[in-house]
Amino acid sequence: MNKQPSKIRDRTWDFKNADTKKYTHCFHSYPAMMIPQIAGRILDEFGKDAKILFDPYCGTGTSLVEANIRGIDAIGTDINPLARLIAKVKTTTIPIEKLDFYIKQFADFILTANLSDIGSELKIPSFKNIDYWFKKETQIMLAAIKGFIDKIDDPDVQDFFKVAFSETVREASLTKNGEFKLYRMSKKQIEKFNPDVFSVMLQKLLRNKKGMSEYVSAKRGNAKAYIYDFNTVHGIPQSIIPPRSIDIVITSPPYGDSRTTVAYGQFSRLSNQWLGFEDFNEVDKRSMGGVKAKKIIKFNFEPLDSAIKDIETKDLRRALDVVAFYIDYKKSIENVSKVVKENGIVAYAVGNRKVKGVQIPNDEITREFFQRNGFEHIVTIIREIPNKRMPKRNSPSNIVGQTDSTILSEFIVILKKAVMTSASSLCNSVPKTSMITEI
Ligand SMILES: C[S@@+](CC[C@H](N)C(=O)[O-])C[C@H]1O[C@@H](n2cnc3c(N)ncnc32)[C@H](O)[C@@H]1O
């Protein structure tokens, strides 16, 4: 039998012209989303008999949606309350007639709303810097929409409206377009910026209704998604996921600490504040690598240890950030490993990042950490990420204006949990891939 190369570059995984916004995937933008085609294809090729999927960093729930469409139950966890809300709404079917009814009510409301009349009833949240991020007129319109949402009596419909509202908050704010971090528009742009907040909200609702309708038609069976906020770094509650109970894990973990890579908390802050989520402040602190490391430690994995050493010679503080992240990542993988069944699959979509010009091979680190926990590597697929929504350039030196290319390829690391008692029969399960170039 031909031996499968352990790393392959396979263009059929690029999904260059694929529609990544079908079904409920169109609902809400979010940094570093996984494209649905990846989760879908992994499920089709490696999870044929899967009954339950787990995503330990579920974000907006891309893999949960793909699992549910295929009739597979799904469990997701994320420390960001906004991500959990979006994931819940994307996986909860609502009859379209019901949505029509509430959206019509909303359309009537905005046609007839007299803001000076309802002004006294408006509850504008009193968070710090609200006037810095929102013009006064915008605040009033957003508060009117929030007031409408608070009166919706059906909790699933209310959450559906909250997701559209969150995007409306973002678009009506004075943040620069297309940025995941919070940067304010220039003075000139602010003068000209007068968003039609009500119609933005209505457009989002109508777009999301279409996505929900596609999702309802595509979904097979009665599969459900269960979304939690536990942090896999600290353990996985057995009452939620018993040991050796998961058939397949499909996820895209953070690439590094939130200060220097993607600040999920910062991205979500304005929405979280308008929605009144209390735990939003903790997101970046609870993120992997959020608690600083006090000293450099060794991971006994040469590619990681030597990268840390190189970074340390340039900047000790950044080296400690890297150490803090991988301490958490290692613990999280140990905990995730325990809940996977024998012969169960894990698929991690990761990017390799540079810190101070030093490349950190996340794909190999992920592979190594899982192998330490009884997994056997099947394959690592390398794909280009033409449409991944995350910054392509960052500032690894943290010097303003100095940039370097960050993640341009994505690595899908796929492993299988070995059966303890007998020698592995792994090779049999390796799927056929086309257009393979060995690296
Ligand atoms: C790359 S994003 C996942 C995106 C997701 N695949 C999607 O398509 O929307 C990584 C997620 O990990 C979450 N996260 C970071 N540290 C975490 C932790 N310790 N436990 C759980 N979630 C965490 C972040 O809030 C973020 O939503």
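The values are calculated or read from the model by the stated rules, or taken from the named source; none is laboratory data. Just so it is clear, the model here is predicted, and its values are computed rather than measured. Because the Cβ atoms are built from the backbone with ideal geometry, glycine has one as well, and the counts that use them run over all protein chains shown.
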Which residues, counting only those in the stretch 22-45, are of a type in the set (Lys, Arg) and either under 15 Å from the mean Cα position of the chain (by Cα) or closer than 17 Å to Tyr348 by Cβ (or both)? Arg41
Show the residue pairs meeting these rules: Cβ distance below 6 Å; 6+ apart or different chains; first residue within the stretch 244-263 and more than 30 Å from Met420 (Cα to Cα) and part of a loop (DSSP other than H, G, I, E, B); second residue aromatic (Phe, Trp, Tyr) and within 10 Å of the ligand (Cβ to nearest atom). Gly256/Phe325; Asp257/Phe325; Thr261/Tyr255
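Residues checked against (1) out of contact with any Ser or Thr (no Cβ under 8 Å at 6 or more places or on another chain); (2) within 11 Å of the ligand (Cβ to nearest atom); (3) hydrophobic (A, V, I, L, M, F, W, C); (4) over 20 Å from Arg353 (Cα atoms):
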residue	(1), (2), (3), (4)
Arg259	yes, no, no, no
Lys292	yes, no, no, no
Lys295	yes, no, no, yes
Phe299	yes, no, yes, no
Restricting the stretch 369-389 to residues that are assigned to a strand (DSSP E or B) and β-branched (Val, Ile, Thr), the one surrounded by the most Cβ atoms within 10 Å (Cβ to Cβ) turns out to be Ile381
Would you check if there is a residue in the stretch 268-289 being in contact with a Phe, Trp or Tyr (Cβ under 9 Å, 6 or more places away or on another chain) and surrounded by fewer than 19 Cβ atoms within 10 Å (Cβ to Cβ)? no
Looking only at the stretch 172-191, count how many residues are part of a helix (DSSP H, G or I) and surrounded by 15 or more Cβ atoms within 10 Å (Cβ to Cβ). 1
Flag for Leu304 being in the same structural domain as Asp55 (by TED's automatic domain parsing), more than 16 Å from the ligand (Cβ to nearest atom) and crowded, with 19+ Cβ neighbours inside 10 Å: yes
If I ask for residues that are among the basic types (Lys, Arg) and at pLDDT 95 or above, which ones from the stretch 325-381 would you list? Lys330, Lys331, Lys338, Lys341, Arg367, Arg372
Does any residue of the stretch 126-146 turn out to be in a loop (DSSP other than H, G, I, E, B), at pLDDT 95 or above and surrounded by 19 or more Cβ atoms within 10 Å (Cβ to Cβ)? yes
